[in-house]
Structure formats: structure tokens, C-alpha cells
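To start, the structure under review is shown below, and the notes come after it.
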Amino acid sequence: RGGTETSVFLNTLTPKFYVALTGTSSLISGLILIFEWWYFRKYGTSFIEQVSVSHLRPLLGGVESSTTTGLFSSVNGEAEPRPSVSECKVWRNPLNLFRGAEYSRYTWVTGKEPLTYYDMNLSAQDHQTFFTGDTQQIKAEDTVMQKAWRERNPQARIRAAYQAIEMNHELYTHSGKSQINFLIQCAAAYVLLAEEEATTITEAERLFKQALRSGKREQRVQDPVTSLRPLTLNINLLVYIKRRLAMCARKLGRIKEAVKMMRDLMKEFPLLGMLNIHENLLEALLELQAYADVQAVLAKYDDISLPKSATICYTSALLKARAVSEKFSPEAASRRGLSTAEMNAVEAIHRAVEFNPHVPKYLLEMKSLILPPEHILKRGDSEAVAYAFFHLQHWKRAEGALNLLHCTWEGTFRIIPYPLEKGHLFYPYPGCTETADRELLPTFHEVSVYPKKELPFFILFTAGLCSFTAMLAMLTHQFPELMGVFVKAFFSTLFTPLGFFADKMESFMPSSFWHQLTRI
């Protein structure tokens with residue numbers, strides 16, 4: 001009887017009803033799609049999914065997911081700031097390699113150029129700006145080394161450096177400001193030769209020491225104009241030479257000597273924090289496995305008021321992971337939950353991955369490493385390459401650290417569903433990093449980009465529902481009779497099992513029961 005009543009009801013419906021039904025369904029699903037998309041763009045999550053997780057899941061007996069906002073804090077216990085999105089600024093790589101002793105050797109072996117012209121041009125601009133003598137006016141002789149830095153051909157740069165040294169020897173017997181200026185430029189010439197002509201680190205160290213002696217000799221020369229005031233060596237050039245000497249000692253295995261030189265340099269020039277000498281110090285201390293000293297440096301530089309870097313964030317994560325990684329087991333952690341120390345390590349990894357999500361791909365050897373560029377973009381692939389190139393060995397040395405990283409790093413992307421517009425601990429991930437990294441990294445390297453989260457299921461489902469109902473509305477409007485036949489056949493098929501079930505129930509139940517049920 002139920003099936004008969006359904007057939008009678010369907011036969012009484014007109015084609016206009018089907019047009020109105022499908023049109024209304026299409027409109028409602030379209031409005032839901034628009035609202036879902038707006039909510040996702042603003043808050044980074046689906047509204048339906050949010051309601052399901054926050055309200056329906058607890059009612060059904062599920063555990064409400066705890067918020068992760070405010071999990072991390074600085075060493076002072078304050079929450080990390082979220083400054084506004086800044087422009088993509090390129091920084092000098094604190095651990096950049098030597099062109100002659102390292103980059104050129106790579107070219108000789110592989111035939112590939114590890115440095116882009118854009119990267120080398122930035123270095124040339126740095127050298128012209130930082131290595132110019134402290135003179136009020138630019139003399140003709142000052143242009144010798146400036147021209148050398150601008151030369152595109154390496155051999156032309158080397159020839160210009162030798163020309164500056166020869167001119168210095170020719171004028172050494174002369175007195176006056178010209179002599180002082182050329183002593184300054186002579187130090188810069190030795191720097192260029194150490195960077196580009198030296199084919200070994202030992203030879204580069206010898207030339208840097210020669211550059212430092214030139215600077216010390218220059219400091220003893222009196223300015224003939226003031227007669228009492230010594231003209232000091234350009235501070236930027238002096239710091240550069242001492243830093244590179246410390247890096248030479250590090251590469252030659254004299255690590256304790258390198259650490260002392262870096263500490264002395266930081267103590268002598270405390271205001272030059274933008275040069276990030278502490279990153280060189282952190283890497284050398286990790287090589288010594290002096291983890292207490294590493295933590296002391298982090299306590300000073302991993303501060304809320306100071307800019308972050310991959311070295312700061314990932315070194316902090318490494319220290320916390322090292323404390324628990326040796327005995328860490330994903331299966332055991334899933335059964336008993338994470339301990340306090342393990343939670344701190346996981347949170348530190350999430351923090352580091354949010355700052356630069358590309359680093360784990362290199363630490364876990366999911367992507368091949370290349371030589372790091374001379375300039376890096378913070379939070380970009382270039383910074384990830386530079387960090388992993390020098391720190392992969394330190395992660396491998398800490399037993400189980402890479403395993404913990406492998407198990408936890410992808411969880412960061414669930415915390416940050418829409419990273420380009422809304423971050424968690426840091427400001428939103430800059431969208432310009434990919435373009436800048438393509439300029440800094442060689443063409444044979446595949447640039448890594450931020451893994452974008454896929455659209456939530458409910459947005460895709462609503463979009464499909466809207467498209468399906470819109471198509472039905474259009475077909476019903478064009479072919480109302482035919483669509484009516486299809487709908488009647490569909491509902492008849494759908495309700496046939498229900499009608500059969502109702503007939504069976506009626507045969508089992510007394511007629512008085514159905515009479516009372518009808519009255520209710």
C-alpha cells in the first residue's frame with residue numbers, strides 16, 4: 001500500500017514542481033558554497049568541519065581537539081610576536097663558501113655553475129659598499145678595487161686586485177693621504193685574492209692574514225692632515241677578514257681556535273649583530289658537541305625582540321629532540337601519549353618547520369643538497385639549502401633526532417591550514433619567496449615551495465553538489481517531461497523497498513495498532 005500511495009503522489013506532481021525543486025536546490029547549495037569559501041579564505045578552515053569538530057564530535061563522545069594557540073613562548077616566557085608581512089629581504093649567507101677553494105672546484109668537477117649572476121652581483125654590491133676606505137671624497141685610486149668588484153669575469157677581478165697591490169708598492173715611498181688610501185685598498189685586494197684566486201683553504205688563510213697585516217700596518221700611519229688622529233681600517237673590512245680567518249680555522253679542523261676567534265669578534269664588535277656571527281659560532285660549537293654552550297648562545301639570540309633564522313629555530317629543535325630522540329618510538333608514544341620532554345621537542349620542531357618548511361626535505365634527504373648560495377632568503381629554499389648543507393651532520397650525530405623529525409614535521413601543516421594569509425607563531429609565510437629563490441639558486445636545482453594545503457572536503461563536496469544540482473535544474477528546465485519520468489522512476493525504485501517493508505510490518509501488526517498510531 002505504501003508503494004501505491006507513493007506512485008499516486010508522484011503522478012500528481014507537474015513538471016513545474018521539478019523545475020522549482022531542482023532550481024531551489026541549486027540555489028541553496030550555491031549559497032552554502034559561497035559561505036564556505038568566504039569562511040575558508042578568512043579563517044583558513046571549513047565552517048562545516050569546524051562545527052563538526054568543535055560541537056558535534058564532543059556530543060558524540062569524541063575528544064575535543066585542544067587548541068595550539070600560544071603553545072610556544074620565548075625564553076622570557078612571552079608569546080612570539082606576529083609582525084606584519086615584510087618584503088622579501090635577501091641576506092648575506094653567514095657561512096658562505098670560498099669561491100676559489102670551493103665553488104670553483106665544484107665547477108671544475110661537474111661543469112656546472114653553482115652561483116647565479118644575480119647572487120654574485122649582490123656580493124659585488126656588498127663589497128663595493130663595505131670595503132671602501134673611510135675617506136670623505138672618492139679619489140681616483142679608490143676606484144681600482146671598486147672596479148675589481150664590478151668585473152664579471154673572475155680573471156679580470158684577480159688582475160685588478162694585483163694592479164691595486166702593484167700601485168700600492170709603487171707609491172709606498174710617497175707620503176700623504178694617497179699612501180693611506182692604497183694601504184686600505186691593498187687589504188681589500190688581498191681579500192679578493194683569498195676569496196677567488198686561492199684554490200685551497202690553507203692558501204686562502206695565508207692571504208687573509210696578509211690582508212690583516214696590511215690593515216694593522218695602515219693603522220700605524222698618521223693622517224698628515226690631522227697629524228694626531230690615526231685613520232683606522234674600515235671596520236666592515238676588518239670584521240670580514242677576522243670572520244673569514246675564523247671560518248678557515250673551522251674548515252681546517254682547528255675548531256676551538258675558531259670558536260675563540262668568533263667569541264672575541266662578537267665581544268669586540270657587539271653592535272654588528274646583523275652580520276649573524278653567532279650562527280658561525282653555533283655551527284662550530286655543535287661540531288665540538290658543546291651542547292651546553294650552544295644552549296647558552298641560543299638563550300641570548302633566540303629572543304622575542306630579535307629576528308629568527310633557520311639556524312636559531314632548528315638548532316633549538318635539535319637540542320630538545322636530542323634529549324628524547326634516542327628512546328623515542330612512535331608506536332609507544334601513540335599508546336601512552338607524549339611525555340613533557342617529548343611534547344617540548346615536538347613543539348620546537350613545529351615551530352622550526354613553520355618558520356622554514358623546506359629544511360626537513362634536505363635533512364631527511366628527500367631532496368638532494370647543492371652548494372649554498374652567497375645570499376639567502378629567510379624562510380625560503382635558499383636558507384634551507386644553506387642550513388642543511390652545514391647542519392645535516394649534526395642532526396645525524398644525535399641518534400634518533402631525524403626519526404623524530406620524520407614522524408612529526410608534517411603535523412605543522414595541520415596547525416597552519418592557510419599559511420599564506422594566517423600564521424601560527426610567525427607572520428604569514430611570504431608569497432614572494434619562490435620568485436626570489438629562483439634568482440638565488442642555480443637553474444639545475446628544483447626550487448622547493450611551501451606545501452599548500454588542499455581544499456577541505458566539505459568545500460569540494462559542496463562545489464560538486466552545487467554543480468550537480470545546477471545541471472539538474474538546467475536539464476529539468478529544458479526537458480521537464482523527460483526529467484519528470486526519470487524522477488518518478490528514481491523515486492519509485494527508491495521507495496519500493498520501503499513500501500515492501502511497510503506491507504510486511506502491517507501484516508505482522510494488528511490493525512488496531514495502526515489505527516491508534518494514525519490517531520496519534
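Tabulated data for the structure shown
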quantity	calculated
Pairs beyond 27 Å (Cα-Cα), from Lys251/Lys396; Lys242/Lys367; Lys209/Lys260; Lys112/Lys308; Lys251/Lys361	Lys242/Lys367; Lys112/Lys308
Cα-based convex hull, the stretch 292-392, per residue volume (Å³, whole number)	116
For the stretch 387-450: accessible area per residue (Å², 1.4 Å)	44
Two-site label geometry, Glu481 and Leu252: point separation in nm, points 7 Å out along Cα→Cβ	9.8
Accessible area of the stretch 340-465 belonging to carbon and sulfur atoms, whole % at 1.4 Å probe	56
Computed FRET value (nearest 0.05) for Arg213 with Gln393, which takes r as the C-beta separation and R₀ as 35 Å	0.55
Listed peptides 336-348, 315-327 by packing density, highest first (mean Cβ within 10 Å)	315-327, 336-348
Potential lengthening between Met471 and Glu326 on full extension [0.36 nm per residue; Cα-Cα distance subtracted]	46.4 nm
Solvent exposure ordering (accessible area, 1.4 Å, most first) of Glu257, Glu287	Glu257, Glu287
Accessible surface of Arg105 - all protein chains present, 1.4 Å probe, nearest 10 Å²	110
Packing-based order for 27-38, 368-379, using average beta carbon neighbours within 10 Å, highest first	368-379, 27-38
Estimated FRET transfer efficiency when R0 is 35 angstrom, pair Lys16-Leu460 (beta carbons, to 0.05)	0.60
Modelled FRET efficiency - R0 45 Å, Arg150 with Leu364, Cβ distances, 0.05 increments	0.65
Inter-label distance for Cys432 and Val109, nm, one decimal - labels placed 7 Å from Cα along Cα-to-Cβ	3.6
Isotropically averaged projected area of the stretch 236-358, using the convex hull of Cα atoms (one quarter of hull area), nm²	8.9
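The values are calculated or read from the model by the stated rules, or taken from the named source; none is laboratory data. Since the structure is predicted, the reported quantities are computational estimates derived from the model, not experimental observations. Methodologically, a virtual Cβ is constructed for each residue, glycine included, from the backbone with ideal geometry; neighbour enumeration extends over all protein chains shown. These accessible areas exclude ligands, DNA and RNA; they are computed on the full protein's heavy atoms, side chains included. Shrake-Rupley method; radii C 1.70, N 1.55, O 1.52, S 1.80 Å.
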